[in-house]
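Right, one structure below, let's go through it.
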């Protein structure tokens, strides 16, 4: 360990100090809550309690922009939005707002926002408070249960395996895989030792965060299961079908346990990758994803001159192109320690989502170009408007806050009804106005 890392890890950040956070992959936004502040992050860097949370959520951003799972999920949501937008783009009159009981649900059947979310969390039920609710089971811990479910968005049968754990069935879907990978990232950025991590990872977090780690630790108690978990989850998020890939890996580990116990972590990972034909499969999958991306780019370019949304969308897709190409170079993003250099490396490649702190201040990692900052800010704003309009009436501008990325000089007029804004020419620089124009609620230059 060099002197930089000795200095970095002289004080570990324990889970009880980690700030709460979330990554919204639909709006490209990381929220850092509780006591997180921009000033603390700048001043204390790796020693800021919110740094661990930032790494966790940025790993979700990496998953979003460098895997076909992230790309497919993102483009499906954009398509859901574009169906409404495209269907109304040539109307002579303004369309109705896409309320939940309005246009989208009536006209497009299963392909609505609620079913999109159910599809993304397939196998998981959420309680009234947003908590994960799992099915009961009488099977012993870590038994693999294979099953299929009907995807409500695509209306097709999908393979979803489960692991039994503490009387519950935990689905091994993409969300669970992504969270297991990200929670390992939290520990790798905290300064805790492997042994300290082992003592807390299944105590502080629900099973959706550690089920893969716990399964591996049960098989290989003497191995670095942080490393195994991170690499196995990341590999599974890269090889289609993702749920089948993780099931194939776990079955392989159980069937070959005695010989694998004698191997190092690197050799175990090497044997797993060979078993799932990782390198050849990844090349094929990424190549096809890039072809699909290029096709979308050509389509969206046809509309960019007249409809601003496509300009912003093209900038976002350019980051996907960089991220997917980068994935072919690096294969895996695991490092023994995740520090600022880890964030700096990726923020130079795939930039950054918007970081929103507890006091509502906002920033982005690295030093992105102004054009990209504007694109991601407007893209974020447009989809927020869409989401708000889908579920409820817009009462006031959702960007009326002191630290909003909206560059308009905010005043009391921003608190008036948002739907009155579009009729006032003097508000042409307002983010809300542009969002309404872009989304199709009001056509630009009509």
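Quick note: the coordinates plus some simple rules give every number you see, no bench work behind them. Fair warning: this is a prediction, and the values are worked out from it, not measured in the lab. Cβ coordinates were reconstructed from backbone atoms using ideal geometry, including for glycine residues, and neighbour counts include every protein chain displayed.
Counting neighbouring beta carbons within 10 Å and listing from fewest to most, the residues 291, 196 come out as 291, 196. Note on segment 213-230 and segment 144-189: Cα centroid distance 17 Å, given to the nearest whole angstrom. Note: relative contact order over segment 3-280, using C-alpha pairs below 8 Å and six or more positions apart, is 16 percent. Sorted on the mean count of surrounding Cβ atoms within 10 Å across their residues, most packed first, peptides 244-255, 203-214, 356-367 read 203-214, 244-255, 356-367. This ranking places 299, 72 by how few other beta-carbon atoms lie within 10 Å of each, fewest first, which gives 299, 72. Cβ crowding within 10 Å, taken as a proxy for footprinting-reagent exposure, orders 258, 157 from fewest neighbours to most as 258, 157. Spacing of the modelled spin labels on residue 155 and residue 332, each 7 Å from Cα toward Cβ, amounts to 4.2 nm.
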